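Participant: The following block contains the structure, expressed as structure tokens.
The values are calculated or read from the model by the stated rules, or taken from the named source; none is laboratory data. Just so we're clear, the structure is a prediction, and the values are computed from it rather than from any experiment. Note that we place each Cβ from the backbone using ideal geometry, even for glycine, and neighbour counts take in every protein chain shown.
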Amino acid sequence: MSTPKVTTQNGDWAEVVDKLVAEKIASRIAAKDATIWGPDAESEASIRLGWVDLHDTSRPLLAEIEALQADLRSEGLDRIVLSGMGGSSLAPEVITRTAGVELVVLDSTDPSVIKRALDGDLSKTVIVVSSKSGGTVETDSHRRTFAKAFTDAGIDAASRIVVVTDPGSPFEKLSADEGYRKTFLADPNVGGRYSALTAFGLVPSGLAGADIAELLDQAAEAAPALQADSTDNPALWLGAVLAASAGRDKAIITADGSDIVGFPDWAEQLIAESTGKNGTGVLPVAVEVTAPELRSEAADLTNALLAEKATSGVPTALTSGSLGGQFLLWEVATAVAGYLLGINPFDQPDVESAKKAARGLLDAQPEPEAAAFTDGAVEVRATEGLLDGVDSLQGAVDALLGKLDPKGYVAVMAYLDSERDADLIAIRPALAAKTDRPVTFGWGPRFLHSTGQYHKGGHPEGVFLQITGAHPTDVEIPDRPFTFGTLISAQAAGDAGVIAERGRPVLRLHLTDVASGVQQLLSLFK
């Protein structure tokens, strides 16, 4: 194990760190001082600081998780499926991938993804459904669908469902009423993106076979350094690099040389939801190690790496340490960044807007908007005026990029199957190279609980490329008047509508044949 370290390059944040030390920001965070972020944030912060000592308070969970895992294994139940969104899925994904143990993460509503999860060996399957309230439409739909699948297979569904929720939530009552296998209660004073070391992160990871006791030990080892009012505190330096680099509001995150797998995606959600509001924030961009952005000299980029690798000309923070230590390091640093930016790092005021829009479309289920035109396997739609005089896919993309501000970014939002359509990710670096601007790539609806907050609440300088696909094979949702195909379509349309209402350009590409459409887009962008 090793405590976190941060090495900074190409910038001087000593004055900022000195200020943070003088104001005792680190020790005040450790003491759960809710006044740090100002009076407007105090009520929210007062119920959102339970994450600072989870390395101690989560210890009682270990025996419960270990006992359940032993029982499941004795019954031959070793396929763990996790239904969760945002922090409920991203942290367990990092933990289990880093540990090299298998966890089926279900954080999509794409029918292809759902069908693949259902097609696994149900005789060996347990599903962990993680939701603070139980009302999240994605996780509720997953739970209903798996319960029916178990029953149809002659399996007692209740014995195969494990719940992670907040105490006193409607989901806790539902779990008791339905007689589900086990209910784990998480700390209610922790928001989803800070929940890596709560039951939300530990239960699915531990059931899958990860060493979660070691994870807590790692965080405990790191805590003293991160709580110290000292210029040696790495969280103060990382927070300063993220939020106090003059004129730079985008953080490029990669993991070259690290044995921690998938960490940039977790950090992306933490930073985007915490800082992207009130027209400000830091846009995190999770990239591959060969990304064009890592070589960029653009004036508004900050590189935050998890490796001992320098970049030229741009402010850089090189972080190292154990996974448990990294979780706590970036959580403290993000809270520090919120203080420096003058915002509340614990709310997410714009996440609900897309959810409301999707619910409205599910209730009304209007006819789909007519395409402006079709090019090959791609139907093209866009915000008003964007396609004036345009009649080709290339022209549509050029029109969108023509709206790109010199300090802006491109967001690619793919409401598709992240496994089946994984090749599509190649358009991210291609667009970055073409525009010399940062490009984010998110799988929908997963990113709605991540960068989706920044899209609506952060700096109003993004241009948005949404990609959806046809669903030749749909999946029903028991006792609901809509299917998974209808749900993901409503989520995509609702999100695009909210972004358009904020005055931001959205190009919507619908693939009438997904396989052909993906290849068409790859050819276009390459």
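Participant: What's the number of the only condition in (1) assigned to a helix (DSSP H, G or I); (2) among the hydrophobic types (A, V, I, L, M, F, W, C); (3) without any contact (Cβ under 8 Å) to a residue 60 or more places away in the chain; (4) buried (at least 21 other Cβ atoms within 10 Å of the Cβ) that Val163 fails to meet?
Facilitator: With (1) assigned to a helix (DSSP H, G or I); (2) among the hydrophobic types (A, V, I, L, M, F, W, C); (3) without any contact (Cβ under 8 Å) to a residue 60 or more places away in the chain; (4) buried (at least 21 other Cβ atoms within 10 Å of the Cβ) applied to Val163, the lone miss is (1).
Participant: From (1) within 25 Å of the chain's Cα centre (by Cα); (2) surrounded by fewer than 22 Cβ atoms within 10 Å (Cβ to Cβ); (3) aliphatic (A, V, I, L, M), pick out the condition that doesn't hold for Ile80.
Facilitator: Status for Ile80: all satisfied but (2).
Participant: Looking at Val439, Val378, which is the one that is closer than 20 Å to Leu301 by Cβ and of a type in the set (A, V, I, L, M)?
Facilitator: Val439
Participant: State yes or no: is Gly517 under 14 Å from Asp375 (Cα atoms) and surrounded by 24 or more Cβ atoms within 10 Å (Cβ to Cβ)? Break it down stepwise before answering.
Facilitator: On the way: under 14 Å from Asp375 (Cα atoms): yes; surrounded by 24 or more Cβ atoms within 10 Å (Cβ to Cβ): yes.
Taking the combined requirement at face value, the residue satisfies it.
Participant: Does Asp474 meet the test of being out of contact with any His (no Cβ under 6 Å at 6 or more places or on another chain), at positive phi and either surrounded by fewer than 21 Cβ atoms within 10 Å (Cβ to Cβ) or part of a loop (DSSP other than H, G, I, E, B) (or both)?
Facilitator: No: the conditions fail for Asp474.
Participant: For the range 185-301, list the helices (runs of 4 or more DSSP H) that sit wholly inside it and hold at least 3 residues that are assigned by TED's automatic domain parsing to the domain that holds Ala335; which are they?
Facilitator: Ranges flagged: 212-227, 234-243, 263-275.
Participant: Exactly one condition in (1) of a type in the set (S, T, N, Q); (2) over 30 Å from Ala246 (Cα atoms); (3) outside any helix (DSSP H, G or I) is false for Thr98; which is it?
Facilitator: So the condition that Thr98 fails would be (3).
Participant: Taking Ile488 as the residue in question, decide whether it is touching a Phe, Trp or Tyr at 6+ places or on another chain (Cβ under 9 Å), under 18 Å from Leu400 (Cβ atoms) and outside the structural domain of Ser112 (by TED's automatic domain parsing). Quick ask: steps written out before the conclusion?
Facilitator: Values: touching a Phe, Trp or Tyr at 6+ places or on another chain (Cβ under 9 Å): yes; under 18 Å from Leu400 (Cβ atoms): no; outside the structural domain of Ser112 (by TED's automatic domain parsing): yes.
Criteria not met by Ile488.
Participant: Which members of the range 226-245 meet the condition of being more than 13 Å from Ala317 (Cα to Cα) and in contact with a Gly (Cβ under 9 Å, 6 or more places away or on another chain)?
Facilitator: Within the range 226-245, just Leu226 meets the criteria.
Conditions (1) in contact with a strand residue (DSSP E or B) (Cβ under 7 Å, 6 or more places away or on another chain); (2) of a type outside the set (D, E, K, R); (3) surrounded by fewer than 21 Cβ atoms within 10 Å (Cβ to Cβ), marked per residue:
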position	(1), (2), (3)
Ala372	yes, yes, yes
Asp375	no, no, yes
Gly385	no, yes, yes
Lys403	yes, no, yes
Pro406	no, yes, yes
Pro429	no, yes, yes
Ala433	no, yes, yes
Asp436	no, no, yes
Val439	yes, yes, no
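Participant: Follow-up. Which number in (1) in a loop (DSSP other than H, G, I, E, B); (2) in contact (Cβ under 8 Å) with a residue 60 or more places away in the chain; (3) not hydrophobic (A, V, I, L, M, F, W, C) marks the one condition that Lys32 misses?
Facilitator: For Lys32, the exception is condition (2).
Participant: Considering only residues that are in contact with an Asp or Glu (Cβ under 7 Å, 6 or more places away or on another chain) and more than 17 Å from Gln218 (Cα to Cα), look in the range 321-350 and name the one that is surrounded by the fewest Cβ atoms within 10 Å (Cβ to Cβ).
Facilitator: For the range 321-350, the residue satisfying everything is Asp347.
Participant: Any chance the range 482-492 includes a residue that's in contact with a His (Cβ under 9 Å, 6 or more places away or on another chain), crowded, with 24+ Cβ neighbours inside 10 Å, of a type in the set (Phe, Trp, Tyr) and at pLDDT below 95?
Facilitator: Checked the range 482-492: no residue is in contact with a His (Cβ under 9 Å, 6 or more places away or on another chain), crowded, with 24+ Cβ neighbours inside 10 Å, of a type in the set (Phe, Trp, Tyr) and at pLDDT below 95.
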